[in-house]
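Written out below as structure tokens is the structure these notes cover.
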Amino acid sequence: MSQMKTIYLKDYKKPEFKINSCELHFDLFEEFTTVINIMSINKLEKSENDIRLDAMDLELIEIYLNDLKLNDTRYIIGEDSLTILNVPESFSLKIKNKIYPQNNTELEGLYKSGSIFCTQNEPEGFRRITPYLDRPDVMSVFTTTVIAQKDKYPILLSNGNKQNCHDFMNGRHGTTWHDPHPKPSYLFALVAGDLGCVNDEYTTASGEHVELNIYCDKGNESQCSHAMKSLKESMAWDEEKYGREYDLEIYNIVAVDSFNMGAMENKGLNIFNSHYVLADEDRATDANFMGIQSVIAHEYFHNWTGNRITCRDWFQLTLKEGLTVFRDQSFSADLNSREVQRIEDVKGLRDRQFVEDASPTAHPIQPNSYMSINNFYTSTVYEKGAEIIRMIHTLLGEENYRKATDLYFDTFDGQAVRTDDFLWAMSKASRIDLTEFETWYHQSGTPTLKVEESFHNGIYKLTLTQRVPNAVDGSVQKPYYFPLKIGLIGLTGKEILERVLIVSKEKEEFVFEGLNSKPYLSINRDFSAPVKIQQSTKEYAFLMKHDKNSFVRYESAQSFATETLEEMMESGNIDEEFLEAYGYILNLDIELSYKALLLELPSVSTLMQRQDVVDFVPIYLAKDRLERELAALYKDKLQELYKQNHKPKNKKLDAISMGQRAIKNRVLRILSALENREVIDMAREQYKESLTMTDRVVALDILENITSEEGEVALNDFYNRYKDDTLVMNKYFAILAASHRNGTLERVIVLENDEVYDEKVPNLVRSLIGVFARNYKHFHAIDGRGYSFVAHKIIEIDKINPQMASGLASAFKIYERLNNENKELMKKELDRVLAVPSLSKNVYEIISKILK
Ligand code: ARG
Ligand code: ZN
């Protein structure tokens, strides 16, 4: 199978040709589209005589070289290429071909989302549109003309600035766009449709006017204001924090319903999953609003970190993604609660990236091989990548970091570069040697830091030992170099010092002199390094009370809860001290959304990661029991907190209102463990009277999980109210697929036939099947039906959209660590998937690595 071939970083070769310009003409029809691609090409030194262009499923109409039509002895059409034989030093190539966007269910290249034509070309979609050197280090200037029927497609968009529009006699019209900035083909975009639009403007720091447009399905315009506000905030932030201004006359964003990922940073024409654009208080949760703000920022920030400076090859993906995630996280922290943002980011990292890093698909943030590059848009490349940039930021300090990013932009603007080039700029500008730090780019797995303390004669000694796991292939890996932010706290709770230690050896000692008594250690403040801390002293209650570092306070509460749950699983005993500490938090007068996080019990994923052999049943039994215990013990206080903060008619999005919703919904969830009439009434009332979606989904979720009758009434109401709004219906499917009630799998199977459900729309598949595959209780049920159902779906969806299918396959990454019973059941299903003859390389790569 030639498709299953592995690509290696070490095999990278420079391009042999340069494409100076690329002029594209699209003629869009209902059955097909014709593409004319005119390139001006130059040989680079020592080039071959033949030019091999990437081309997928090519239906060629004709080729002209320097205006001469080529007959078929002059070119070869391969499985994934078009090779033109014997080309001169410098030439123009005109290729005309035909594509079928209407039949494109993979959602790569040019496809249709409902009635909208749109594109997704990162990483290798462009070769499905026209033959090209479809690699990020080939950058060219694009001019694009789009022609379509005017009444159906009044809006015609592409990258750059708008040049001109023409009306034709036959009811068709065309628009030409020109993008002056050379770019790789993965940043090319095209949109055609009958779209609604929200318009605004922005003036850059140097006084340039930028037209801002957000396009969406007609009727949804009023749901674009949060996205527009976020866009303007992002533009201002990047000017202030990184000195980066926008560089075109126009910035367009288009929201589409069928999209494989979150969004795409195409130059001047971002295309978004409508999930990350559309929102109002009636339809979107507070978390949705936050998500929109950060994804709008993320794609905007790519204009400098990704577009102006791009990646040399796809192994360098973290160059743009890790850096851009770090930038969007910093932006969100600046605009919202810094402490909550950091905790949420670390939670996400641990729940997804740590799990991936402990699995057979673990890889360095800069991988050295892949089968399908689409499988490497991972939380490792993105979120761990962002942690690596954050560590650089910590090592350099704010001022040096800014100098270094300035140097990076000055030096590499307009180029396709490597992570090494980024590191060069970081260390050159700061004069800090980062050689030892580079290990973070090339190794996989999460290191554990073992902490030992001693105190004698006023001297406090901290001994740190790194345990670095072996790589997936079994090879031994080196210890890391990283900043470890710590604090020492005195017996009365007074802070003695805060320091950033540089850890670089396998075993190291740090000595602090002149202390009166053994201090309390506050370690890995702000989560300064993405490591696991292993500590034998348990000072959680003290740190929860006295640590001024909001992250370590949270961490202490989590660790305390985790160990309490583990003890319950082992002996059945509940630690009284933990119950007390929990009560202490309940009474704290702190920011409410932070408090809501402190009161959350550790996720099943957190507990599962600490087991040698994973068994889910004891975990959720213990969690359920601890929740019941806490709810019963603190019922009055919880009720009081609820009443104080439940403001059903308030739908404002300011920090205080969102904090109130966060805490009262947390409290309601804890109380719901009691499963009594009182709680059911509270949830039902909340569902009925609240004006926000935030409140409604929590109420629905609680009702669904504790009472089938009341749940059904509310869910029916929800269904009737929102059945015409697919985006909102995702929430409906997700609540049902995540339900712990018996019969969940049966209901999921029925929902697949619901008229709202559509297997071709990724959001819906993720909400129903994807969420079910993360429903620990039912996916891992020991009758094996959960595994069998998901495996069956993977096979089915792989035929429609391989990227979607391989996304679902990642639910099986836990395989190796499962208990024997589950493992055997899962193996049967994985074998079945792997035996499918026409399996995509996307799914093949994931499953074959899991089974290895
Ligand atoms: N560059 C996009 C972003 O991070 C994601 C594109 C993902 N594409 C894919 N085929 N996996 O904003
Ligand atoms: Zn990105």
Check the range 393-415 and report whether any residue there is over 25 Å from the mean Cα position of the chain (by Cα), of a type in the set (Val, Ile, Thr) and away from ligand 2 (no atom under 16 Å from the Cβ). yes
Kindly list the number of the only condition in (1) farther than 21 Å from Val256 by Cβ; (2) in contact with a Pro (Cβ under 6 Å, 6 or more places away or on another chain); (3) within 16 Å of ligand 1 (Cβ to nearest atom) that fails for Val138. (3)
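Tell me which residues, restricted to the range 368-387, are in a loop (DSSP other than H, G, I, E, B) and either modelled with pLDDT under 95 or within 14 Å of ligand 2 (Cβ to nearest atom) (or both). First the steps, then the outcome.
Here is the first cut: in the range 368-387, the ones in a loop (DSSP other than H, G, I, E, B) are 368, 371-372, 377-378.
Residues satisfying the conditions are Tyr377, Thr378.
Answer yes or no as to whether Ala632 is modelled with pLDDT of 95 or more and surrounded by 15 or more Cβ atoms within 10 Å (Cβ to Cβ).
When the stated conditions are applied, Ala632 does not pass them.
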Quick one: which strands (runs of 3 or more DSSP E) sit completely within the range 498-591 and have at least 2 residues that are more than 23 Å from Glu387 (Cβ to Cβ) and among the hydrophobic types (A, V, I, L, M, F, W, C)? 507-512
Expected single match for at pLDDT 95 or above, of a type outside the set (D, E, K, R) and within 13 Å of ligand 2 (Cβ to nearest atom) among Gly268, Gly322 is Gly322
How many residues are out of contact with any Ser or Thr (no Cβ under 9 Å at 6 or more places or on another chain) and over 20 Å from Ala471 (Cβ atoms) if we restrict to the range 345-362? 1
For the range 325-339 the number of residues that are buried (at least 22 other Cβ atoms within 10 Å of the Cβ), among the hydrophobic types (A, V, I, L, M, F, W, C) and out of contact with any Gly (no Cβ under 9 Å at 6 or more places or on another chain) is 1
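When you scan the range 263-279, do you find a residue that is out of contact with any helix residue (DSSP H, G or I) (no Cβ under 8 Å at 6 or more places or on another chain) and assigned to a loop (DSSP other than H, G, I, E, B), even just one?
Initial filter on the range 263-279 (out of contact with any helix residue (DSSP H, G or I) (no Cβ under 8 Å at 6 or more places or on another chain)): 268-269, 271.
Checking which are assigned to a loop (DSSP other than H, G, I, E, B) leaves us with 268.
Among the residues of the range 263-279, at least one is out of contact with any helix residue (DSSP H, G or I) (no Cβ under 8 Å at 6 or more places or on another chain) and assigned to a loop (DSSP other than H, G, I, E, B), which makes the answer yes.
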Anything in the range 320-344 that is within 16 Å of ligand 1 (Cβ to nearest atom) and either aromatic (Phe, Trp, Tyr) or in contact with a helix residue (DSSP H, G or I) (Cβ under 8 Å, 6 or more places away or on another chain) (or both)? List them, or say none. Glu321, Gly322, Leu323, Thr324, Val325, Phe326, Arg327, Asp328, Gln329, Phe331, Ser332
Just one of the numbered conditions (1) touching a strand residue (DSSP E or B) at 6+ places or on another chain (Cβ under 7 Å); (2) within 16 Å of ligand 2 (Cβ to nearest atom) is not true of Ser274; which one? (2)
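Considering only the range 1-113, give the strands (runs of 3 or more DSSP E) lying wholly within it that have at least 1 residues that are hydrophobic (A, V, I, L, M, F, W, C) and surrounded by fewer than 16 Cβ atoms within 10 Å (Cβ to Cβ). Can you show your working first?
Values: elements: 17-28, 33-43, 51-54, 60-65, 75-77, 81-84, 90-99, 109-113.
Hits in the range 1-113: 60-65, 75-77.
From the list Cys165, Cys197, which residue is part of a strand (DSSP E or B), over 18 Å from Gln120 (Cβ atoms) and more than 32 Å from the chain's Cα centre (by Cα)? Let's see the steps before the verdict.
On the way: Cys197 fails: more than 32 Å from the chain's Cα centre (by Cα).
Criteria check complete, one pass: Cys165.
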Tally time: how many residues in the range 139-179 are at pLDDT below 95 and at positive phi? 0
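For the range 251-265, what are the residues that are near ligand 1 (Cβ under 9 Å from one of its atoms) and either out of contact with any strand residue (DSSP E or B) (no Cβ under 8 Å at 6 or more places or on another chain) or among the polar types (S, T, N, Q) (or both)? Even if it seems obvious, please write down each step before you answer.
Taking the range 251-265 and keeping what is near ligand 1 (Cβ under 9 Å from one of its atoms), we get 260-265.
Matches in the range 251-265: Asn260, Glu265.
Given the residues Val765, Val756, which is the only one that is hydrophobic (A, V, I, L, M, F, W, C) and surrounded by 20 or more Cβ atoms within 10 Å (Cβ to Cβ)?
That would be Val765, the only listed residue that is hydrophobic (A, V, I, L, M, F, W, C) and surrounded by 20 or more Cβ atoms within 10 Å (Cβ to Cβ).
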Can you name the residue in the range 416-450 that is β-branched (Val, Ile, Thr) and buried (at least 19 other Cβ atoms within 10 Å of the Cβ) and is also farthest from the chain's Cα centre (by Cα) among such residues? Val417
Of all residues in the range 12-62, count the ones that are under 23 Å from Thr119 (Cα atoms) and not polar (S, T, N, Q). 25
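Counting only residues that are hydrophobic (A, V, I, L, M, F, W, C) and part of a helix (DSSP H, G or I), which one in the range 310-319 is nearest to ligand 1 (Cβ to nearest atom)? Spell out the reasoning first.
Kept after step one, since they are hydrophobic (A, V, I, L, M, F, W, C), are these residues of the range 310-319: 311, 314-315, 317, 319.
The next check asks that each one be part of a helix (DSSP H, G or I); those that pass are 314-315, 317, 319.
Numbers: Trp314: 10, Phe315: 15, Leu317: 9, Leu319: 12 Å.
Going through the qualifying residues, I end up with Leu317.
Quick one: which helices (runs of 4 or more DSSP H) lie wholly within the range 687-796 and hold at least 2 residues that are farther than 25 Å from Tyr276 by Cβ? I'd like the intermediate steps shown before the answer.
Details: elements: 693-706, 708-722, 726-737, 744-751, 762-765, 776-779.
Result: 693-706, 708-722, 744-751, 776-779.
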For the range 299-317, the count of residues that are within 16 Å of Thr378 (Cβ to Cβ) and more than 10 Å from ligand 2 (Cβ to nearest atom) equals 4
Only residues that are assigned to a helix (DSSP H, G or I) and either of a type in the set (Asp, Glu) or surrounded by fewer than 18 Cβ atoms within 10 Å (Cβ to Cβ) (or both): list them for the range 818-847, please. Asn820, Glu821, Lys823, Glu824, Lys827, Lys828, Glu829, Asp831, Arg832, Leu834, Glu845
Checked against (1) crowded, with 23+ Cβ neighbours inside 10 Å; (2) touching a Leu at 6+ places or on another chain (Cβ under 8 Å), Phe289 satisfies every condition except (1)
Tally of residues being away from ligand 2 (no atom under 16 Å from the Cβ), in a loop (DSSP other than H, G, I, E, B) and within 16 Å of Tyr111 (Cα to Cα) across the range 215-262: 2
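The values are calculated or read from the model by the stated rules, or taken from the named source; none is laboratory data. Since the model is a prediction, treat every value here as computed from it, not as a measurement. Using ideal geometry, Cβ is built from the backbone for each residue, glycine included, and neighbour counts are taken over all protein chains shown.
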